[in-house]
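*Asks:* One structure, pasted below without further comment.
The values are calculated or read from the model by the stated rules, or taken from the named source; none is laboratory data. Treat the numbers as computed from the prediction; the structure is a model and nothing was measured. Please note: Cβ atoms are built from the backbone with ideal geometry, for glycine as well, and neighbour counts cover all protein chains shown.
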DNA sequence: TTGTAGGCGTTATCAT
DNA sequence: ATGATAACGCCTACAA
């Protein structure tokens, strides 16, 4: 059943049907009604593929991430999705691509989207497209929005990690803690990105403002951001510096929960003996006892803005490059009391 | 840049290029090499849309769920995704659709996929496609795989909720508990599906086998499956039956965590005074103290099987209807000690 | 092994 | 207001 069959049934030409389907040109109310009735009766939907071939564009917004199964990713996606509903343009399909952590698949995916003209705009989460793909995107006028990643001349939305860390550590300092430890990921490596470094910057800034000195014995580095590493981190910190009475776990909530569990095993009281603030605000943070104070990533909001930008740019391709920076929010719970 | 431009550059016709692109027909090694080199040099990728129009099929596997942001959903998706790479087929072509909880969007989405011939197979999570769409899928020979949902004559993969509940309650009974409460969702309503009912069935079966009687005062019903409801549920249960010394929270881990938190507030010792088993195995279940014993949903496995079935059926459309039932696994942690 | 010609279902252009 | 005709870019019998 195609557009010509419908036309035949209605006694018009396929041109007329197409116009009705797309609300273009001028069609008499009468024929319009007749044709629409036939379309409805036959449950006819035009072939998306043919539509796209003819239009020369994919008609969908692509979302590319390294995998699907992560609370972070699915929350961003939800933000994207919900705002697509908000605009009333939900007929615009959102298609998701995962690179499965492989660089090869990543390059392939971007090239396919770009050169295969699959999408009208691309939202990229924590990945950098390869040069060839970027050229292709530019050439085809497909806007690219980077989330949690940056490239010269490309629009991006990032989290203000410095400010998030600063807020957390300032809070700890203001509540009277003098020995505030920092747990963060590996820094100084192109691969890991600027996040751990930025959070350390915020930490140091807050210490300085509070008149406290940075102390190497209060710095702990983790690699995988795991619960187990958090447990070990506390042991290491205490072995090096018994005065530790506060911890900002820039390595994330999972890690912070490890710290908390280990502390409880050791009979350390939270927050009396040691107060703790994590990063992310994962669901479990609100469920444990005491609740884990944390810096909430504006994940959902990032997704929303990304979609809005994607649609705007897809429709008006001559705007300046924009780098949106969103401030994260400090969530105080009992662990930082 | 299209297939003809490439052909011109290589001094052949577009037919030859097409054959090379699709590994069809017989082409001399020499021309093949030459053409591939030119394709690579120009970063050429064929237009997906044109490809699909010509082939008459979408070439992708569709995954439809009511939203994206849920650990359950993203884990299923991960299972699907990982097995898609395992087969080496449909590698980059898994497209996801979300109905955003709206029935209208749901119907629209299915019709678009079905009649618009977007996909070669459809995996549906916890949703029922409308009749019209199902007809269309049948007509176009697009296989549909239902996850956590069932329809007559449609392939499905479901969790054996009876067995999961049975295992949990049997465990509690064997560890000597005589007053085992059940917290479950609303039953008897077409809308909510058979899950709460099935879990209650497993609960009753286990009680009977253990020589225990079902006791109305030990049954608590929740609606939203929230943490708060879990807290209230414990209060209600204790108000009705002070002997309650064990709880199977069929309403899920979030709810069970609410029960645990409230118990700790009331000075009730877990598992000594009351032992608890939840359902789902969300990440937080392993992180709280004591660890929450639970029935682990075989979510990842469901995703994997779904994909395998989808691909098999897309390639050989004349198989019998299959209803796969996967048994969930009881995970014992300290809360059920 | 390669090329010619026609088809897929849509949209766009320009007459009528 | 409607229709004839030509794109769009690809695939594939069938002919050379």
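*Asks:* Can you pull out every residue in the stretch A:1-16 that is closer than 18 Å to residue A:50 by Cα and within 8 Å of DNA strand D (Cβ to nearest atom)?
*Replies:* Of everything in the stretch A:1-16, those that are closer than 18 Å to residue A:50 by Cα and within 8 Å of DNA strand D (Cβ to nearest atom) turn out to be A:7, A:13, A:14, A:15, A:16.
*Asks:* Please go through (1) within 14 Å of another protein chain (Cβ to nearest Cβ); (2) within 8 Å of DNA strand C (Cβ to nearest atom) for residue A:58 and return the number of the only condition it doesn't satisfy.
*Replies:* (2)
*Asks:* Can you report the number of residues in the stretch A:68-87 which are facing another protein chain (nearest Cβ under 7 Å), in contact with a helix residue (DSSP H, G or I) (Cβ under 6 Å, 6 or more places away or on another chain) and touching a residue at least 12 places away in the same chain (Cβ under 8 Å)?
*Replies:* 2
*Asks:* I'd like the residue in the stretch A:287-300 that is assigned to a helix (DSSP H, G or I) and crowded, with 20+ Cβ neighbours inside 10 Å and, out of all such residues, is farthest from the other protein chains (Cβ to nearest Cβ).
*Replies:* Here is the first cut: in the stretch A:287-300, the residues assigned to a helix (DSSP H, G or I) are A:287, A:299-300.
Okay, now just the ones that are also crowded, with 20+ Cβ neighbours inside 10 Å, so A:287, A:299.
On the way: A:287: 5, A:299: 9 Å.
That would be A:299.
*Asks:* Any residue at all in the stretch B:254-261 that's over 26 Å from residue B:148 (Cβ atoms), surrounded by fewer than 23 Cβ atoms within 10 Å (Cβ to Cβ) and at pLDDT below 95?
*Replies:* yes
*Asks:* Hey, does the stretch B:111-118 have a residue that's over 19 Å from the mean Cα position of the chain (by Cα) and more than 10 Å from chain A (Cβ to nearest Cβ)?
*Replies:* no
Rundown of residues vs (1) over 30 Å from residue B:262 (Cα atoms); (2) without any contact (Cβ under 8 Å) to a residue 40 or more places away in the chain, yes/no style:
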site	(1), (2)
A:204	yes, yes
A:217	yes, yes
A:253	no, no
A:257	no, yes
A:266	no, yes
A:277	no, no
A:283	no, no
A:286	no, no
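*Asks:* Does the stretch B:15-30 hold any residues that are near DNA strand C (Cβ under 9 Å from one of its atoms) and surrounded by 16 or more Cβ atoms within 10 Å (Cβ to Cβ), and which are they?
*Replies:* B:16, B:17, B:18, B:19, B:20, B:27 - these are the residues of the stretch B:15-30 that are near DNA strand C (Cβ under 9 Å from one of its atoms) and surrounded by 16 or more Cβ atoms within 10 Å (Cβ to Cβ).
*Asks:* Continuing with this model, one more query. Consider residue B:134 carefully, then state whether it is over 30 Å from residue B:12 (Cβ atoms) and either part of a strand (DSSP E or B) or more than 7 Å from chain A (Cβ to nearest Cβ) (or both).
*Replies:* yes
*Asks:* Please tell me if residue B:271 is more than 21 Å from residue B:178 (Cα to Cα) and more than 14 Å from chain A (Cβ to nearest Cβ).
*Replies:* No.
*Asks:* Inside the stretch A:180-200, can you point out the residues that are touching a residue at least 24 places away in the same chain (Cβ under 8 Å) and assigned to a helix (DSSP H, G or I)?
*Replies:* Scanning the stretch A:180-200 gives A:195, A:196, A:198, A:199, A:200.
*Asks:* In the stretch A:210-238, which residue that is more than 31 Å from the chain's Cα centre (by Cα) and part of a helix (DSSP H, G or I) is nearest to residue A:273 (Cα to Cα)?
*Replies:* For the stretch A:210-238, the residue satisfying everything is A:238.
Yes or no, residue by residue, for (1) at positive phi; (2) in a helix (DSSP H, G or I); (3) surrounded by 23 or more Cβ atoms within 10 Å (Cβ to Cβ):
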site: B:83; (1), (2), (3): no, yes, no
site: B:113; (1), (2), (3): no, yes, yes
site: B:119; (1), (2), (3): no, no, yes
site: B:124; (1), (2), (3): no, no, yes
site: B:142; (1), (2), (3): no, no, yes
site: B:145; (1), (2), (3): no, no, yes
site: B:167; (1), (2), (3): no, yes, no
site: B:178; (1), (2), (3): no, no, no
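*Asks:* Right, another one. So how many residues does the stretch B:20-51 have that are within 10 Å of DNA strand D (Cβ to nearest atom), within 21 Å of residue A:117 (Cα to Cα) and either away from chain A (no Cβ under 14 Å) or free of Cβ contacts under 8 Å to residues at least 24 places away in the same chain (or both)?
*Replies:* 7
*Asks:* Let me ask another. Does the stretch B:2-13 hold any residues that are loosely packed, with under 15 Cβ neighbours inside 10 Å and either near DNA strand C (Cβ under 10 Å from one of its atoms) or under 17 Å from residue B:47 (Cα atoms) (or both), and which are they?
*Replies:* B:2, B:4, B:5, B:11, B:13
*Asks:* Does residue B:93 meet the test of being over 13 Å from the mean Cα position of the chain (by Cα) and either within 16 Å of DNA strand D (Cβ to nearest atom) or at pLDDT below 85 (or both)?
*Replies:* Numbers: over 13 Å from the mean Cα position of the chain (by Cα): yes; either within 16 Å of DNA strand D (Cβ to nearest atom) or at pLDDT below 85 (or both): yes.
It is true that residue B:93 is over 13 Å from the mean Cα position of the chain (by Cα) and either within 16 Å of DNA strand D (Cβ to nearest atom) or at pLDDT below 85 (or both).
*Asks:* Condition test on residue B:65, is it at the interface with another protein chain (Cβ under 10 Å from one of its Cβ atoms) and crowded, with 17+ Cβ neighbours inside 10 Å?
*Replies:* When the stated conditions are applied, residue B:65 does not pass them.
*Asks:* Count, please, the residues in the stretch A:147-157 that happen to be in a loop (DSSP other than H, G, I, E, B) and either surrounded by fewer than 16 Cβ atoms within 10 Å (Cβ to Cβ) or touching a residue at least 60 places away in the same chain (Cβ under 8 Å) (or both).
*Replies:* Counting residues in the stretch A:147-157 that are in a loop (DSSP other than H, G, I, E, B) and either surrounded by fewer than 16 Cβ atoms within 10 Å (Cβ to Cβ) or touching a residue at least 60 places away in the same chain (Cβ under 8 Å) (or both) gives 6.
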